[in-house]
């Protein structure tokens, strides 16, 4: 199984609006790609002086589905995120393979 992990660091001032936007826009569009069998969304525990940080883990059964997501869907989804929030939401992604 392969996992795409996208981490987000969100400015405190937009946290509630960003979370609502993620639930009503980003996540439904992500699910509409049908590239993933499961998604898990976590809030990372950080100190009070740090911006809220989240991670979204996207599970897929094979590397081909992960490649499909990156080649056809990732750029428009992340561009929409940037267009909406700009530098107030920083993000990066990594690909992982489950080994146990």
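Within the option set 56, 77, being in contact (Cβ under 8 Å) with a residue 40 or more places away in the chain and out of contact with any strand residue (DSSP E or B) (no Cβ under 8 Å at 6 or more places or on another chain) holds for one residue only, 77. Put simply, of 42, 91 the only residue that is surrounded by 15 or more Cβ atoms within 10 Å (Cβ to Cβ) and assigned to a strand (DSSP E or B) is 91.
So which residues in the stretch 8-26 are surrounded by 15 or more Cβ atoms within 10 Å (Cβ to Cβ) and closer than 17 Å to residue 73 by Cα, if there are any at all? Passing the criteria: 22, 26.
Table: residues versus (1) within 13 Å of residue 9 (Cβ to Cβ); (2) at pLDDT 95 or above.
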{"residue": "29", "(1), (2)": "no, yes"}
{"residue": "38", "(1), (2)": "no, yes"}
{"residue": "56", "(1), (2)": "yes, yes"}
{"residue": "74", "(1), (2)": "no, yes"}
{"residue": "97", "(1), (2)": "no, no"}
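Comparison of 47, 33 shows that the only residue that is surrounded by fewer than 14 Cβ atoms within 10 Å (Cβ to Cβ) and not in a helix (DSSP H, G or I) is 47.
The values are calculated or read from the model by the stated rules, or taken from the named source; none is laboratory data. Owing to the predicted nature of the structure, the values given are computational and were not obtained by experimental measurement. Positions of Cβ are generated from backbone atoms using ideal geometry, with glycine treated the same way; all protein chains shown enter the neighbour counts.
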